[in-house]
Each structure stands twice: as structure tokens, then as C-alpha cells.
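Participant: This is the structure I want to talk about, given as C-alpha cells.
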Amino acid sequence: MDQTAFSWVNVGVIKRSKWDDHYALQARKEHRLARSVYKLEEIDKKYGLIRPQDRILDLGCYPGSWSLYCLKKVGSKGEVVGMDLKQPKGLSAPNFRFLKADILGLDIEWLLREVGPRDTIISDLAPQTTGIAVTDTARSLSLAEEAFRIALALLRKGGNFFCKIFEGEDLKTFREGVLRKFGRGRTVRPTAVRKASREVYLLGLGLKE
Ligand SMILES: C[S@@+](CC[C@H](N)C(=O)[O-])C[C@H]1O[C@@H](n2cnc3c(N)ncnc32)[C@H](O)[C@@H]1O
């Protein structure tokens, strides 16, 4: 597993780990569910990714820091659906729903019925890392491709997409395919991404059709 992914959570408290850095310490101090929330927060503040009343789909939502951030941002008239293999602990709100599912090979028709159209889709999906760069990169690409397939099916026109992917030789082609679908798009690397990490995020704003 990508070490940036598991800012170890225990019912809302991040446990100490050897991976601790400024953001992990800050997350613990501020009672955040995971340090990864700072990545989303930075991009949201800079690009206006998440809007009040948005209907959000959060792919790879465990332990829940992104979903919680979104719930605060969208307000009571918005809605967040989180999906993961693991259920976030203690994350409940009238406008939050968790779907336990493997994103790989998901039946899109089922998902459309279950979730419905979305204004914004965010994906922090990360594979179990092996330490073998080529394998980890390929697994990350598969997850990102699946997130994009879901985004094309569920996003409304004008919707936003934000998706983690590991840098690798296939990134350029995938990136071009994603970004051409949006009015504005770019690759971003939030400052909270660890220096040694190969992760970047694709940001697409304003789905064209
Ligand atoms: C980096 S963590 C997400 C952290 C989350 N954004 C947060 O801030 O709380 C990545 C998540 O992707 C999930 N994941 C990886 N492969 C998956 C798959 N095939 N289907 C569903 N979830 C998957 C993992 O279970 C893990 O919880």
C-alpha cells in the first residue's frame, strides 16, 4: 500500500508511525482522519474543485478524510457517496452513504442506479504496493482508468474530476485522454505528497459533454 495513503487511523485519531511528517503531525493535532486531506484541501482551495451542494462520489474513501472534507464543503443540500473495499469507521451523516465494492470491473449500470449523476468525482484509489515500480504503476493505472470510466458514466456536463495516479510511462497517453474531455485540466502534485512518492493527480474541471 502506498504509504501516503494510510495515515493510520483509529476511530478518528491518526496513530504515530515512522512515516510521520509535518502533515501527519498537523493531521493528528487537528483530529483529521488522514493526512491525505491536505492534498484535497490544497487543490480545492486553488481550483474550486468542490462546490456547495455538489453531489460527490469519493472512490477509495477509507478512512474517510476526503469524504468528511467534502461533507463540510457541500453542506446539507449536497451529498457524498464513498466507495472502498473497507468501511470508514464512525463516519456517518444524513447525506453520506458508503458502498462497499471493488472498483475494478464494477458494473456501471448498477452504479448508475445505485448512485445516480454526480457533480464531482474524486479518486484517491491506491493499490497495495509491492515495491516493484512497474507493477505498482500498472496497478495504479488500472485503478485510475476505472475511476475515469466511472466518471464518464456518472458525471454531469460541467462536472469535475480529480484522480490519483502513479507516474509511469503510460501516464502521458492516459492524461491526454482524460484532459481532453474537460474544459480545463492539468496534472497537479499537492505539497502534501511525500517527496519520495511517485503519485500525482489529474484534475479535470468542467466536463465538456
Ligand atoms: C489512499 S487511501 C484513500 C484515503 C482517503 N482519500 C482519505 O483521505 O481518507 C486508498 C484507498 O483505496 C482503496 N482501494 C484500493 N483498491 C481498491 C479497489 N479495487 N476497490 C475499492 N477500493 C480500493 C483502499 O482500500 C484504500 O482505502
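Participant: Within the group ASP84, ASP54, which residue is modelled with pLDDT of 95 or more, closer than 23 Å to LEU111 by Cα, more than 9 Å from the ligand (Cβ to nearest atom) and charged (D, E, K, R)?
Facilitator: The match here is ASP54.
Participant: Still on this structure: So, in the stretch 24-43, how many residues would count as being more than 10 Å from the ligand (Cβ to nearest atom) and either closer than 26 Å to GLU146 by Cβ or in contact with a Ser or Thr (Cβ under 8 Å, 6 or more places away or on another chain) (or both)?
Facilitator: 4
Participant: Take PRO88 and decide whether it is surrounded by fewer than 19 Cβ atoms within 10 Å (Cβ to Cβ) and farther than 18 Å from LEU202 by Cβ.
Facilitator: The answer is no for PRO88.
Participant: Could I ask something else about it? Quick one: would you say LYS46 is more than 12 Å from the ligand (Cβ to nearest atom) and at pLDDT below 95?
Facilitator: For LYS46, the condition - more than 12 Å from the ligand (Cβ to nearest atom) and at pLDDT below 95 - is not met.
Participant: Output the residue which, of all residues in the stretch 105-120 that are away from the ligand (no atom under 13 Å from the Cβ) and not in a helix (DSSP H, G or I), is nearest to VAL178 (Cα to Cα).
Facilitator: By that ranking, first place goes to THR120.
Participant: Does ARG184 meet the test of being surrounded by fewer than 19 Cβ atoms within 10 Å (Cβ to Cβ) and in a helix (DSSP H, G or I)?
Facilitator: No: the conditions fail for ARG184.
Participant: Mind checking which residues of the stretch 72-101 are closer than 14 Å to PRO52 by Cα and either without any contact (Cβ under 8 Å) to a residue 12 or more places away in the chain or not aliphatic (A, V, I, L, M) (or both)?
Facilitator: LYS72, LYS73, GLY75, SER76, LYS77, GLY78, GLU79, ASN95
Participant: Take VAL200 and tell me if it is of a type in the set (Val, Ile, Thr), buried (at least 16 other Cβ atoms within 10 Å of the Cβ), in a loop (DSSP other than H, G, I, E, B) and in contact with an Asp or Glu (Cβ under 9 Å, 6 or more places away or on another chain).
Facilitator: Here the answer is no, as VAL200 does not meet what is asked.
Let's see how each residue does on (1) under 15 Å from the mean Cα position of the chain (by Cα); (2) assigned to a helix (DSSP H, G or I); (3) surrounded by fewer than 21 Cβ atoms within 10 Å (Cβ to Cβ); (4) on the phi > 0 side of the Ramachandran plot:
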residue	(1), (2), (3), (4)
ARG139	no, yes, yes, no
SER142	yes, yes, yes, no
GLU145	yes, yes, yes, no
ILE150	yes, yes, no, no
PHE161	yes, no, no, no
LYS164	yes, no, no, no
GLU169	no, no, yes, no
LYS172	no, yes, yes, no
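Residue-wise test of (1) part of a loop (DSSP other than H, G, I, E, B); (2) within 25 Å of GLY116 (Cα to Cα).
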| site | (1), (2) |
| --- | --- |
| TYR23 | no, no |
| ALA34 | yes, no |
| LYS46 | no, no |
| ARG51 | yes, yes |
| SER67 | no, yes |
| LEU99 | no, yes |
| ILE103 | yes, yes |
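Participant: List every residue pair whose Cβ atoms sit under 6 Å apart, with the two residues 6 or more apart in sequence or on different chains, where the first one lies in the stretch 52-71 and is under 14 Å from LEU91 (Cα atoms) and charged (D, E, K, R) and the second, anywhere, is modelled with pLDDT of 95 or more and within 10 Å of the ligand (Cβ to nearest atom).
Facilitator: ASP58/TRP66; ASP58/SER67; ASP58/GLY82; ASP58/ILE122
Participant: Among the residues of the stretch 187-197, write down those that are surrounded by fewer than 19 Cβ atoms within 10 Å (Cβ to Cβ) and either small (Gly, Ala, Ser) or free of Cβ contacts under 8 Å to residues at least 24 places away in the same chain (or both).
Facilitator: Selection gives THR187, ARG189, LYS195, ALA196, SER197.
Participant: So if I check each of GLU41, GLU79, which one is surrounded by 15 or more Cβ atoms within 10 Å (Cβ to Cβ), under 21 Å from GLY158 (Cα atoms), in contact with a helix residue (DSSP H, G or I) (Cβ under 7 Å, 6 or more places away or on another chain) and at pLDDT 95 or above?
Facilitator: Answer to the selection: GLU41.
The values are calculated or read from the model by the stated rules, or taken from the named source; none is laboratory data. Only a predicted model underlies this, so the values are computations on that prediction, with no experimental measurement involved. Please note: Cβ atoms are built from the backbone with ideal geometry, for glycine as well, and neighbour counts cover all protein chains shown.
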